[in-house]
Amino acid sequence: MKTVIFGGTFNPFHNGHLLLSREAIKAVRPDRFIIMPSHIPPHKVAEELMSDEHRLNMCRLAAKELGDIAEVSDFELISGGKSYTVITLEHFKELYPDDELYFAMGSDMLITFLRWYRPDRILELATLICNCRDSRDYEAVKAAKADIEAVGGRVILTECEPLVCSSTDIRKKLDKNEPIDDLVPPSVAEYIKRKGLYRD
């Protein structure tokens, strides 16, 4: 069986995340697609990070857009502290010892991947799947793929047109009371509105 894990802050989960999810599913045809909201991301500064509960709920709503194979895990949220991918993958390898594991990410993460904690072990555990967030990243992504493969890793690049969509920009729009309906799944937009999220 094949299991794809898609990790991130998802602050909030937006249409760019949905596109990456769909492309990863199309590329790998997994039996399980697991969305994994992080507690504290170790690779970037998470500004205005919404509560674990709200981010988990938004991920659950978004997962319904992906069909029955999609689920949401609270493993990193419950674990607390910094959310290291290697620990998450070790957990799922123990849970599904016979599965092929894949880890999905955006281009910004692939470009910095070899500076992550224990990239060597991550590459032993999983194949990486990457979708370009911006067409301007493409050359850097190809170079990162070559560098990762040079140390024995496996990288799948999806071929769809990038959808430029940023959680930061969405939060800014919400703070200015601007519409975000074209940037997030409808159920997520409704949840944000109902709960009054991302407004000072």
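The values are calculated or read from the model by the stated rules, or taken from the named source; none is laboratory data. Worth saying up front: this structure is predicted, and the values here are computed from it rather than measured. FYI the Cβ positions are ideal-geometry reconstructions off the backbone, even for glycines, and counts take in every protein chain you see.
Here's a check for you: in the range 1-22, which residue that is part of a loop (DSSP other than H, G, I, E, B) and in contact with a Ser or Thr (Cβ under 8 Å, 6 or more places away or on another chain) is surrounded by the most Cβ atoms within 10 Å (Cβ to Cβ)? Explain how you work it out, then say what you get.
Quick first cut of the range 1-22, residues part of a loop (DSSP other than H, G, I, E, B) only: 1, 9-14.
Filter once more, keeping what is in contact with a Ser or Thr (Cβ under 8 Å, 6 or more places away or on another chain): 9-12, 14.
Values: Thr9: 19, Phe10: 22, Asn11: 23, Pro12: 27, His14: 23.
Per the stated criteria, the residue is Pro12.
When we screen Tyr117, Tyr102 for residues that are outside any helix (DSSP H, G or I), touching a residue at least 24 places away in the same chain (Cβ under 8 Å), among the hydroxyl-bearing types (Ser, Thr, Tyr) and surrounded by fewer than 18 Cβ atoms within 10 Å (Cβ to Cβ), the only hit is Tyr117.
Conditions tested, residue by residue: (1) farther than 23 Å from Phe33 by Cα; (2) modelled with pLDDT of 95 or more; (3) of a type in the set (D, E, K, R).
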| position | (1), (2), (3) |
| --- | --- |
| Ile87 | no, yes, no |
| Glu94 | no, yes, yes |
| Arg121 | no, yes, yes |
| Leu128 | no, yes, no |
| Cys132 | no, no, no |
| Ser135 | yes, no, no |
| Lys142 | yes, no, yes |
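So, Glu90, is that one part of a helix (DSSP H, G or I) and either surrounded by fewer than 20 Cβ atoms within 10 Å (Cβ to Cβ) or within 13 Å of the chain's Cα centre (by Cα) (or both) or not? Taking the combined requirement at face value, the residue satisfies it.
Looking at Leu125, Leu183, Leu110, can you tell me which residue is touching a Leu at 6+ places or on another chain (Cβ under 6 Å) and within 24 Å of Ile25 (Cα to Cα)?
Working: Leu183 fails: touching a Leu at 6+ places or on another chain (Cβ under 6 Å); Leu110 fails: touching a Leu at 6+ places or on another chain (Cβ under 6 Å).
The unique qualifying residue is Leu125.
When the range 171-200 is limited to residues that are among the hydrophobic types (A, V, I, L, M, F, W, C), outside any loop (DSSP other than H, G, I, E, B) and modelled with pLDDT of 95 or more, the one that is farthest from Glu139 (Cα to Cα) turns out to be Ile192.
Going through (1) at pLDDT 95 or above; (2) assigned to a helix (DSSP H, G or I) one by one, Ile156 falls short only on (2). In the range 23-81, of all residues being among the β-branched types (Val, Ile, Thr) and assigned to a helix (DSSP H, G or I), the one that is farthest from the chain's Cα centre (by Cα) corresponds to Ile78. Pairs meeting the criteria (first residue in the range 18-45 and under 16 Å from Thr3 (Cβ atoms) and among the aliphatic types (A, V, I, L, M), second residue part of a loop (DSSP other than H, G, I, E, B) and at pLDDT 95 or above, beta carbons under 6 Å, at least 6 apart or on different chains) are Ile34/Ser73; Met36/Ser73.
In the range 82-113, the residue that is farthest from Thr127 (Cα to Cα) out of those that are touching a Ser or Thr at 6+ places or on another chain (Cβ under 8 Å) and charged (D, E, K, R) is Asp99. A Cβ distance below 6 Å, combined with a sequence gap of six or more or placement on separate chains, defines the contacts here; from the range 139-153, residues that are within 17 Å of Asp108 (Cα to Cα) reach no residue that is of a type in the set (D, E, K, R) and surrounded by 15 or more Cβ atoms within 10 Å (Cβ to Cβ). Inclusion of Phe6 among residues that are at negative phi, in contact with a helix residue (DSSP H, G or I) (Cβ under 9 Å, 6 or more places away or on another chain) and in contact (Cβ under 8 Å) with a residue 60 or more places away in the chain is warranted.
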